[in-house]
Amino acid sequence: MKPAEDFLKNKLYERQQSGTYRELKPENALVDFCSNDYLGFARSVLLKQSIVHEVDTYPLSLNGAAGSRLLSGNLQYAEDLEKQIATHHESEAGLLFNSGYDANLGLLSSLAQRGDTIILDELVHASIIDGARLSYANRYGFKHNDLESLEAKLKLAKGNCYVVIESVYSMDGDAPPLLEILNLTEKYNAALIVDEAHAVGLYPKGLVCELGLQQKVFARVVTFGKALGGHGAIVLGSNNLRNYLINFARSFIYTTAASFHQLAATKMAYQLLENSGESIFNLKKNIELFKQEVNAGENFTLLNSDSPIQCIILGSNEMAREAAKQLQMNNLDVRPILSPTVAQGTERIRICLHSFNTENDLTLLAATLNKFRLLHAR
């Protein structure tokens, strides 16, 4: 036991010396500019009440699933929910997973075989990278949103080829040139997979549907823990893909199924989403207001983003921490994103905007950032 504890102690000491040591932060009452609750669903009293009512409508439902879906944990309710969500996103079929991480892990690790190729945008989520690593496929990364870099990798591809991107990137907040990427994948007979985790909410059906490309994309991953305010995920695609994942995706097969409460929460969130036009309008308005009010400048770069994720590059862990500290002292919950989570030199503060943020909240946020920029201008 001592060697293992010594290993932990040494690794933590190294992290502390590098200045990237992290601890969990307790819940606080600061104004939320940190969470992924873009439409306020996670804090919605209306959604909570509708979930309680839905659960009460099924008095014989269990507290837990008590088994995997391939054994005792499957429900007709879950199968009906999959069909409803697939219809909402204009997909032939869908398969529920317990989290977005599980969805990407199961999809990518089971899909690509030895001799196949997976090509990833260099900024995709860790769950996508891990899923690709667990497959036996050849793996390549291409420069973020760079069509020439992608095509160079497509020319090297062997076997079945899968290109994986996000529709809104979680650390930069930007969107890919989706149509141009799709044209390239079609040119090289590759299948395109799009993670829509941070797009649903800003776009009720996701960016793929917003652009009318749903029939050309091989698979989409939609998560329920961001704008939908819950937990879980679904992989959208063909009936063949759904049945394949049921039989080969280990993160689906070898895990206890979602509880009835989680399923009910997801169903009610989708019902609320269909009536959230005003919240989506407010979210888009807040994004535009923030971008107008913040003054970027030297050593203070606001990344180009039309999404709720707005990032200011500060160039060092120390500056990112200091900016976050100043914001938190003004009752604004903004967190620093440090290397090695992001590349060295791109350390930043990551600001998440929401439909429920007030104009006063946004004005204070922008004013605090502008003051910080002036104090640290070279």
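Residues 163, 45, ordered by accessible area of protein heavy atoms at a 1.4 angstrom probe radius and largest first, appear as 45, 163. In terms of accessible area, using a 1.4 Å probe and ignoring ligands and nucleic acids, 52, 222 rank largest first as 52, 222. Listed peptides 250-259, 231-240 appear in the order 231-240, 250-259 once ranked by packing, highest mean of other Cβ atoms within 10 Å at the front.
Going through [x] 167; [y] 155; [z] 134, the figure that equals volume of the Cα convex hull per residue in Å³ as computed for the structure here is [x]. The mean accessible area for residues of region 1-129, using a 1.4 Å probe and ignoring ligands and nucleic acids, is 59 Å² per residue. Ordering 58-68, 125-135 by mean Cβ neighbour count within 10 Å, with the highest value first, yields 125-135, 58-68. Helical runs assigned H by DSSP (4 residues or longer) give the chain a calculated mean residue ellipticity at 222 nm of -13000 deg cm²/dmol, each run adding -39500 (n - 2.57) before division by the residue total. The overall shape of region 170-266, judged from the alpha-carbon gyration tensor, is oblate: a/c is not under 1.5, and a/b is no greater than b/c. Looking at the chain, the DSSP beta bridges with both ends there are about 50 percent antiparallel.
Listed peptides 115-121, 5-11, 330-336 appear in the order 115-121, 330-336, 5-11 once ranked by packing, highest mean of other Cβ atoms within 10 Å at the front. Dimensions of region 220-295 along the principal axes, based on C-alpha atoms and rounded to the nearest Å, stand at 51, 27, 21, largest first. With all protein chains kept in place, the per residue accessible area of region 288-378 amounts to 47 square angstrom at a probe of 1.4 angstrom. The accessible-area ordering, largest first, of the residues 311, 34 stands as 34, 311, per a 1.4 angstrom probe. In sequence order, region 95-111 has phi-based couplings of 10, 6, 10, 6, 7, x, 4, 4, 5, 5, 4, x, 5, 6, 5, 9, 6 Hz under the Karplus curve 6.51 cos²θ - 1.76 cosθ + 1.60, θ = phi - 60°, and Gly or Pro positions carry x.
Counting only lysines at least 8 places from residue 205 when in the same chain, those with an alpha carbon closer than 23 Å to its own are 48, 83, 216, 226, 267, 284, 285. Region 1-60 and region 279-329 have their alpha-carbon centroids 22 Å apart. Backbone geometry of region 46-58 corresponds, through the Karplus equation with coefficients 6.51, -1.76 and 1.60 at θ = phi - 60°, to 3J(HN,Hα) couplings of 4, 5, 4, 5, 5, 5, 4, 5, 5, 5, 5, 5, 10 Hz, x marking Gly and Pro. Cβ under 13 Å from residue 268's Cβ, residue 268 left aside: what net charge do those residues give with Lys, Arg +1 and Asp, Glu -1? Summing Lys and Arg as +1 and Asp and Glu as -1 gives -1.
Surface composition of the chain: carbon plus sulfur atoms contribute 51% of the solvent-accessible area (1.4 Å probe, protein chains only, all chains present). With the whole protein complex present, residue 319 retains an accessible surface near 50 Å², based on a 1.4 Å probe. Once divided by 2.2 N^0.38 Å, the Cα radius of gyration of region 1-142 becomes 1.46.
If you take the Cα centroid of region 78-133 and the Cα centroid of region 137-175, the two points sit 16 Å apart.
The values are calculated or read from the model by the stated rules, or taken from the named source; none is laboratory data. Note that the coordinates shown come from a computational prediction; the quantities given were computed from them, not determined experimentally. All Cβ positions, even for glycine, are placed from backbone atoms using ideal geometry, and neighbour counts span all protein chains on display. These area figures cover heavy atoms from the full protein model, side chains too; ligands, DNA and RNA do not enter into them. Shrake-Rupley method; radii C 1.70, N 1.55, O 1.52, S 1.80 Å.
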